[in-house]
1. Could you estimate the translational diffusion coefficient of the range 32-72 from the Stokes-Einstein equation, with Rh from the Kirkwood formula over C-alpha pairs, at 10 °C and 1.306 mPa s, in whole µm²/s?
2. Give me the accessible area per residue for the range 18-155, probe 1.4 Å, as a whole number in Å².
3. Among the chymotrypsin sites (Phe, Trp or Tyr not before Pro) within the range 46-133, which fall in a DSSP loop and have no more than 10 other Cβ atoms within 10 Å of their own Cβ?
4. Go ahead and run the numbers for FRET between V150 and V31, Cβ-Cβ distance against an R0 of 25 Å, rounding to 0.05.
5. Can you report the principal axis dimensions of the range 41-121 using only the alpha carbons, biggest first, rounded to whole angstrom?
6. Roll a 1.4 angstrom probe over the protein heavy atoms and tell me the percent of accessible area of the range 36-134 that is carbon or sulfur.
7. Mind putting together the pair-distance distribution for the range 117-159? All Cα pairs, 5 Å bins, whole percent per bin, short to long.
8. Please work out the ratio of the alpha-carbon Rg of the range 66-178 to 2.2 N^0.38 Å and round it to two decimals.
Amino acid sequence: GVSHCEACFFLLMIRRPPRSTQSSSSAASDVYKGQERLTSGVSMWDVAAQRHIEVAGPDADALVQYLTIVDTSEVKPAFGRYAPMADYDGTLINDPVLLRFDDHSWRFSIADADVRLWIEAVARGGDFDCTITELATATLAVQGPASDEVIIALGCPAARNLADFERRRAEVAGVEVW
């Protein structure tokens, strides 16, 4: 198991049981309830299946900009943004959240392991001086207008007044989280 959470982002994921175990009205009700909690309360999902890819080194900033279709030059350390990736023909490859950790250190939260291979291929083919590493992380998504209150009540006051895509280092039950 993962004993140290290297990254904690807030992402949306709605899960429901297979169709054979629920009626269509039950499925619609579950989605509606999830949307209601997300927009008026708080929702929480285990998104540990997300993979976190670190791009670090002298050319990391340039590589990250090359990989995404958004301007990453104004993303400050401790912040992130939605950063879709497209191939040379404009076909969407993945739509990750991208976090900037420090100068020349970025982390993509991706849903597909093959994206790491694509990033490595682009880095090597473009002769970018950086390392590409898949990190061992455990991610929990907590969203909604009451999410900061819930996280604060759990003993993490660093969640107070977070800006969109902002991350802060904190400790919860003795475990460092972001």
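The values are calculated or read from the model by the stated rules, or taken from the named source; none is laboratory data. The model shown is predicted, which means the values in this text are computed figures rather than measured ones. Here the Cβ positions follow ideal geometry from the backbone for every residue, glycine too, while neighbour counts run over all protein chains shown. Note: areas computed on protein heavy atoms with side chains; ligands, DNA, RNA excluded. Shrake-Rupley method; radii C 1.70, N 1.55, O 1.52, S 1.80 Å.
1. 117 µm²/s
2. 54 Å²
3. Y88
4. Working: r = 21 Å, r/R0 = 0.86.
Given R0 = 25 Å and the Cβ-Cβ separation, E is 0.70.
5. On the principal axes, the range 41-121 reaches 39, 29, 19 Å in Cα extent.
6. 49 percent
7. 5, 17, 16, 11, 8, 9, 11, 13, 9, 2
8. Working: Rg = 15.9 Å, N = 113, 2.2 N^0.38 = 13.3 Å.
Rg over 2.2 N^0.38 Å, computed on Cα atoms: 1.20.
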